[in-house]
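Reading through the structure tokens given below for one structure.
Each reported figure results from applying straightforward, stated rules to the coordinates on display, with no laboratory input. The structure presented is a predicted model; accordingly, all values stated were derived computationally and were not measured. Counting neighbours? That spans all protein chains shown, and the Cβs are built from the backbone with ideal geometry, glycine included.
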Amino acid sequence: MGIKFKVLAVIATVAVLVGAFMLLRPQPAAQTSTTKVTSDQSTGNQAHKQVFDFELTDGKVTKGQTSLKVTKGDQVTVNVVSDKPQEFHLHGYDKEIELEPGKTGTISFTADKTGQFEAELHGSKQQVFVLEVQP
């Protein structure tokens, strides 16, 4: 084998390894939502399971998106961890949870109403996010 062939083989191997790394690398730590798609065999409709994670420090969002977009019919789960006791409320869906310091509070629901809905901390009236449910 000639030197040119060996160099090309090394370059090709490196290119394949870089491509594999880019495709298989773990998601960044800042990712705050996941989506799982399932199919309803009887209707052919796809249902999405959306999971959003939030962390609150001193009543302010330190992890999580300020704007959430889902589609009507999606199964939505919101996980919230706070460093202080708080009352978390999602307007429009009338979902409330009492947050305890360091513990995850969870609300789950089917996004069956379209529009924009604010989630806030009741004591401080601090907005956590706006949920947009699209048709």
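Once the Cβ-Cβ distance between GLN134 and ASP94 is put in as r, and R0 is 22 Å, what FRET efficiency do you end up with, to the nearest 0.05? Between GLN134 and ASP94 the formula returns 0.60.
Among the listed pairs LYS69/LYS113; LYS49/LYS113; LYS60/LYS113; LYS95/LYS125, a Cα-Cα separation exceeding 19 Å is found for LYS60/LYS113. The alpha carbons of segment 33-134 give a radius of gyration and a Dmax of 14.0, 47 Å, in that order.
In order along segment 119-130, the phi-based Karplus estimate (6.51 cos²θ - 1.76 cosθ + 1.60, θ = phi - 60°) of 3J(HN,Hα) comes to 10, 9, 8, 5, x, 9, 6, 6, 6, 9, 7, 10 Hz; Gly and Pro are listed as x. A simple spin-label model places the labels of LYS84 and ILE11 6.0 nm from each other, with each point 7 Å out along Cα-to-Cβ. Using the Cβ-Cβ distance between THR77 and THR57 with R0 set to 30 Å, the FRET efficiency from 1/(1 + (r/R0)^6) comes to roughly 0.90. Taken one residue at a time, the phi angles of segment 97-111 give Karplus couplings (6.51, -1.76, 1.60, θ = phi - 60°) of 9, 8, 8, 10, x, x, 9, 7, x, 10, 10, 9, 6, 8, 6 Hz. Gly and Pro are set to x.
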